[in-house]
1. Can you tell me which residue in the range B:50-73 is nearest to DNA strand C (Cβ to nearest atom), limited to those that are in a loop (DSSP other than H, G, I, E, B) and more than 14 Å from chain A (Cβ to nearest Cβ)?
2. Checking the structure you have, find out if any residue of the range A:227-238 is within 32 Å of the chain's Cα centre (by Cα) and within 14 Å of another protein chain (Cβ to nearest Cβ).
3. Give the residue, chosen from A:262, A:250, that is modelled with pLDDT of 95 or more and closer than 21 Å to residue A:198 by Cα.
4. Can you name every residue in the range A:74-83 that is open to solvent by less than 70 Å² (accessible area, probe 1.4 Å), facing chain B (nearest Cβ under 7 Å) and not small (Gly, Ala, Ser)?
5. Against the condition at pLDDT 95 or above, open to solvent by 30 Å² or more (accessible area, probe 1.4 Å) and farther than 25 Å from residue A:217 by Cα, how does residue A:284 come out, does it pass?
6. Which residues, taken from the range A:224-244, are within 18 Å of residue A:274 (Cα to Cα) and surrounded by 15 or more Cβ atoms within 10 Å (Cβ to Cβ)?
7. Working only within the range A:275-306, note down all residues that are under 17 Å from residue A:239 (Cβ atoms) and in contact with a strand residue (DSSP E or B) (Cβ under 6 Å, 6 or more places away or on another chain).
8. Which of the residues that make up the range B:245-281 are open to solvent by 10 Å² or more (accessible area, probe 1.4 Å) and away from chain A (no Cβ under 13 Å)?
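The values are calculated or read from the model by the stated rules, or taken from the named source; none is laboratory data. Predicted model, so just to flag it, every value in this text is computed and none were measured. Glycine gets a Cβ as well: all are built from the backbone with ideal geometry, and neighbour counts include every protein chain shown. Side chains are part of the model used for accessible areas, which takes the heavy atoms of the whole protein and leaves out ligands, DNA and RNA. Shrake-Rupley method; radii C 1.70, N 1.55, O 1.52, S 1.80 Å.
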There are 2 protein chains.
Amino acid sequence: MGTVDGESEPMGTSRTRGRAARPRQGASMADVARLAGVSSQTVSRVSNGFAGVTEDTRRQVLDAMRELGYRPNSAARALRRGEFRTLGVITFSLSTMGNIRTLEAIATSAAQHGYAVTLLPVAVPTQDEVNGAFSRLGELAVDAVIVIMEIHLLDAATVSLPPGVQVVVADSDAGDRYTVVDTDQAGGARDAVRHLLDLGHQTVWHLAGPEGSFAAQRRANAWRDTLAAAGRVPPPLVRGDWSAESGYRAGLRLADEPDCTAVFTANDQMALGLLRALHERGLRVPGDISVIGFDDIPESASFLPPLTTIHQDFAEVGRLCVEGVLSKMRQDGAEHGTTLVPTRVVVRESTGSPPGR
Amino acid sequence: MGTVDGESEPMGTSRTRGRAARPRQGASMADVARLAGVSSQTVSRVSNGFAGVTEDTRRQVLDAMRELGYRPNSAARALRRGEFRTLGVITFSLSTMGNIRTLEAIATSAAQHGYAVTLLPVAVPTQDEVNGAFSRLGELAVDAVIVIMEIHLLDAATVSLPPGVQVVVADSDAGDRYTVVDTDQAGGARDAVRHLLDLGHQTVWHLAGPEGSFAAQRRANAWRDTLAAAGRVPPPLVRGDWSAESGYRAGLRLADEPDCTAVFTANDQMALGLLRALHERGLRVPGDISVIGFDDIPESASFLPPLTTIHQDFAEVGRLCVEGVLSKMRQDGAEHGTTLVPTRVVVRESTGSPPGR
DNA sequence: CTAAGCAATGTTTACGTAAACATCCACTGG
DNA sequence: CCAGTGGATGTTTACGTAAACATTGCTTAG
């Protein structure tokens, strides 16, 4: 019984008053208790794995549970315990690979800790929408929140969190105001630039992400700093919007720069478009121009040529977000701070020595 | 005991017992009611936008709410109402673009209907894991479930759903047992093959997805059927695993087939790898071989050459899943059935006439 | 042998909300 | 002028669980 459609009308459990909106849930603790011949408190104890219940009694209760198909009612449980065992994740459209992978890791990690994950999509990344998401938060069944978002929208947000709801921010930059977990953007960008300089390039061009993005900004800053530290002159910054299409447009432009021998693109998608543009213009990679990306999306190994790129460990970011938020829940007064997840260079075939050598 | 109401300690939000585990939530209805000088029921009425409250009273209550920062307690609400206003989404790793886009659409659409979305990741797509997810479902705070999954695992699953929890399955094939929303895989595959035949190709090779996948199976079947209907002989089937890497391997193999002039790959990622392999072997696309993909991922417009492919409307799939599950919740006895979302051919530059012509 | 101690189990109560029912009061029409 | 009507608001109660406290009965030290 209790199979697929569970619809079953005829058998009414105790409550046949018919007042409930929905063809009510199955058995309650009281029902189980009655069948097992114990008190509901004992059922509760068994249900929560408490000690202090005879093996005999426990078995009886478990049998009764099975027979009635008992499932704890999570609403009642949450009400009683004052916690939902649920984490909320606020994010923009899941259009970037990074966000998705992070989300996935969050969900997995949360599940391991016995937490569910509720998605709070923010349709449009406007201030209003973000504020709205935060205020809806209050009546949402979550114990804590992980925000995957460009922080500058958070910044201005009148973030009035319900008391006791902790927040961890991923992919951002506000260690003083929130607990932040992020990829080591600067380190990755530095490694990318160094990789190209080490190959003998005089300087490195940068195809950056959109202006509003913190990740883009940090990668661009590190690019500039690394060049400066090596005594090189940074060429003008070229901007894209993360999309392959914008990479293509940038590529057409860079193809006309005679002394451009190396490009660091702020993500792999733009590198893809860039490669296409260079190919169209008859420039060879890495023969004429070297290209290094950022992210290491699975497809990048199959680009033409396979892309050298900076690998981000999104799974680790997600995992740390969950760890962080759970630990903050345990000890309320925890300090804010930033945890950086290291990157690593993945050398494939899109980078090499400059043409002249 | 007579309602103490008036007297007793003047301040202190009723619950100063300090028994709650967590620094409890903010104000409750009772607190608001006290401050506004009304009964908690009136607060409830205001909170739920009921008619039959004087404008004066309403304002007073709203003021009190604001002052105390009142947020309805969703656990209590769910307990009382018997519904969570939450949809569960069961899915494997969010590694495929399609699943993600579908999920995103589900979240957005659910939000529009006032529902939240809870993620139930299934770590490994094994029978046990799936069963586990379904049984955990019972104690999860969801009113209905959307499953994004290859159905053959569902098939054998001893799906015992909690009573009253409706299910809609996306991307699958079991209209007789569940309500299903899916892309018109067969139609898309048919269009892909026809597109190539129309260009003059004698026949079309197929790089299929993994054996276990229903989507892969249906695309492959439609490929075979369409060829048969046109009186062509289907070449041997080549199998990949959705990854670009597997497409690359298949491409190396197909490059050796002298009479292969057209390939239909079951997704865009594999097409990417295929393109790389063909390029390596000195074959030109579409000059020597035409390639058509499936999915229309954003990057496919930037492949080398830009990929002709079959566009899937994941957003629509997600939207229909939500509509479907909500409508099933309203009228319990709804019939199962399958809703197909049409695809369309996006012609770019990877397909053309066969070499001989 | 008895009281203390303790393990197993039962009883009471509160969590915050909202449905159902009860009350109050200002009008209206006869 | 009063019963009737209906809108505004208050009171009671139950939703299912689990903490706190109460009870029972058995074991064991003195």
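1. The qualifying residue nearest to DNA strand C (Cβ to nearest atom) is B:50.
2. no
3. A:262
4. Selection gives A:83 alone.
5. yes
6. A:235, A:238, A:239, A:240, A:241, A:242, A:243, A:244
7. A:291, A:293, A:294, listed by residue number.
8. B:253, B:255, B:256, B:257, B:258, B:259, B:261
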